[in-house]
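These notes concern the structure reproduced below.
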Amino acid sequence: MPRTTSENHNHPHPGSATTKSTKKVTIKNGSGIPTIEERLGYLRPSRELLEFYRRKIAQYDNERDDILQKFDRCKVAYEEKHKLEWELRKRESEIVELQKAISDLQIYLFQEREQVLRLYAENDRLKIQELQDRKKINRLLNLCGVTEEEITYFIKEPPGVGIVPQKISPVVVNEQRSSSSHKKDLVEQKSSNISSQIRDNETLSLQIEALQAQLEEQTKLAKEQIESLLEDRRVRIEEYDVQRKRDEERLKQAQEKIVQMQNLLHESTKDVIESKFDLRNAEKQWLHEKDQLLQELDKTAAHEQRKEDEILFLNTSNHIQNTSSSASILLQENAYFEEERKKYEDEIHALEQQHIQTHKLAEMYRNQVLALEEQLCKIREEGDVTREIYKVSYFFCIYRI
């Protein structure tokens, strides 16, 4: 019976070597926080753990592909938007050029109308000049003694009826001629005065009509020019108001986007800082719990070793006493040692259960640490993605401004 006890307790505990090796690693890396590669190197990877990491890597790859596809869709949408804005600006520039061309055509039309009015005025002036020239010609003809009938009417061929000469004395003929010529001169002088007055009145009336027509045309042209200028001014004011409102809306949108991006950057930076702080606190807590577990494991291993030494000592003393003492004393001592052995076995069993629980706790804390590290990697990736999105949005806002 004691031999059985000694054989059972001479075997080393399965967790003692692991505890010592873990303690060595903790002492070696106690000066600083170990890296993720070192921590993963200390772990014993299993098939479930490898499968878990494979699933996580595949999930991260799918998320990365989805994010890249979203970025591509956003890029296509931004390109289409830029293209439409460029086309709109091009059409606006074409409209402005057409409006300028219309204004130039209106100016050219007004210039042509002014030229037509000048030609009309020149035509009227030439008509008046023609009348004045005719008046001067008639005056010169009157001064020369040539009548209008002699100028206008004259016989090209001799008449068909013969002229029969009359037998009148030359004195009578001369008197008749002198009296008729004197009367004719008076009549011609009166008629010339009347015709000159009539022609002067006609000239003046023509001048007045020409001036009135020119004045009406000039007034009409000036009125149309003023209306055209007022219409052009109204169109320009409307375009200026529309452009000003559009620029104000763009400026307002750009300012809102800048404020939104600044708030987003502030929140992202705050989240990153808080996540780093939480991660450091979790690492500190994990290291503290790890040290406590290692200390408990060391205490458990030392206690188990001490119990095993006591059991060996008791078995050895029992064997010596069996050879030197009597059977009754041996039986009593064996009963006492049996009770002690049972008590020690119960304590060892309790320590083994405690050791198993500590291993479970260590496994649980290790899973928590892995989950926190995974969460940290995800937060870092989200921070990088947020930073890239902010950079793209910031460059886009700068480009639009």
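The values are calculated or read from the model by the stated rules, or taken from the named source; none is laboratory data. Fair warning: this is a prediction, and the values are worked out from it, not measured in the lab. Counting neighbours? That spans all protein chains shown, and the Cβs are built from the backbone with ideal geometry, glycine included.
Return yes or no: is Lys245 part of a helix (DSSP H, G or I), charged (D, E, K, R), at pLDDT 85 or above and over 16 Å from the mean Cα position of the chain (by Cα)?
Values: part of a helix (DSSP H, G or I): yes; charged (D, E, K, R): yes; at pLDDT 85 or above: yes; over 16 Å from the mean Cα position of the chain (by Cα): yes.
It is true that Lys245 is part of a helix (DSSP H, G or I), charged (D, E, K, R), at pLDDT 85 or above and over 16 Å from the mean Cα position of the chain (by Cα).
Return the pairs, sorted by first residue and then second, in which the second residue is modelled with pLDDT under 85 and surrounded by 11 or more Cβ atoms within 10 Å (Cβ to Cβ), the first residue lies in the range 250-269 and is more than 26 Å from Glu85 (Cα to Cα), the beta carbons are less than 8 Å apart, and the residues are 6+ apart or on different chains.
Filtered contacts from the range 250-269: Leu264/Thr386; Leu264/Tyr390; Leu265/Tyr390; Ser268/Gly383; Ser268/Thr386; Ser268/Arg387; Ser268/Tyr390.
Can you tell which of Ile95, Ile128, Ile194 is aliphatic (A, V, I, L, M) and either in a loop (DSSP other than H, G, I, E, B) or modelled with pLDDT of 85 or more (or both)? Break it down stepwise before answering.
On the way: Ile128 fails: either in a loop (DSSP other than H, G, I, E, B) or modelled with pLDDT of 85 or more (or both); Ile194 fails: either in a loop (DSSP other than H, G, I, E, B) or modelled with pLDDT of 85 or more (or both).
None of the others qualify; the one that does is Ile95.
When the range 329-378 is examined, which residues are found to be touching a residue at least 60 places away in the same chain (Cβ under 8 Å), within 30 Å of Lys56 (Cα to Cα) and of a type in the set (Asp, Glu)?
Result: Glu373, Glu374.
Could you tell me which numbered condition Asp298 fails, if it satisfies all but one of (1) surrounded by 15 or more Cβ atoms within 10 Å (Cβ to Cβ); (2) under 36 Å from the mean Cα position of the chain (by Cα)?
(2)
Where the second residue is exposed (fewer than 15 other Cβ atoms within 10 Å of the Cβ) and the first is more than 15 Å from Leu119 (Cα to Cα) and lies in the range 202-215, which pairs have Cβ atoms under 7 Å and are six or more apart or on separate chains?
Note: pairs meeting the criteria are Thr203/Gln132; Leu206/Lys127.
Within the group Ala335, Ala362, Ala302, which residue is at pLDDT below 80 and under 30 Å from Ile273 (Cα atoms)? Break it down into steps so the answer makes sense when it comes.
Working: Ala335 fails: under 30 Å from Ile273 (Cα atoms); Ala302 fails: under 30 Å from Ile273 (Cα atoms).
Exactly one of Ala335, Ala362, Ala302 is at pLDDT below 80 and under 30 Å from Ile273 (Cα atoms), namely Ala362.
For Glu175, all conditions in the list (1) out of contact with any Lys or Arg (no Cβ under 9 Å at 6 or more places or on another chain); (2) among the charged types (D, E, K, R); (3) modelled with pLDDT of 70 or more; (4) surrounded by 11 or more Cβ atoms within 10 Å (Cβ to Cβ) hold save one; what is the number of the exception?
Unmet condition: (3).
Being of a type in the set (Phe, Trp, Tyr) and within 57 Å of the chain's Cα centre (by Cα) is the filter here; which residues of the range 87-145 pass it?
Initial filter on the range 87-145 (of a type in the set (Phe, Trp, Tyr)): 108, 110, 120.
The answer is Tyr108, Phe110.
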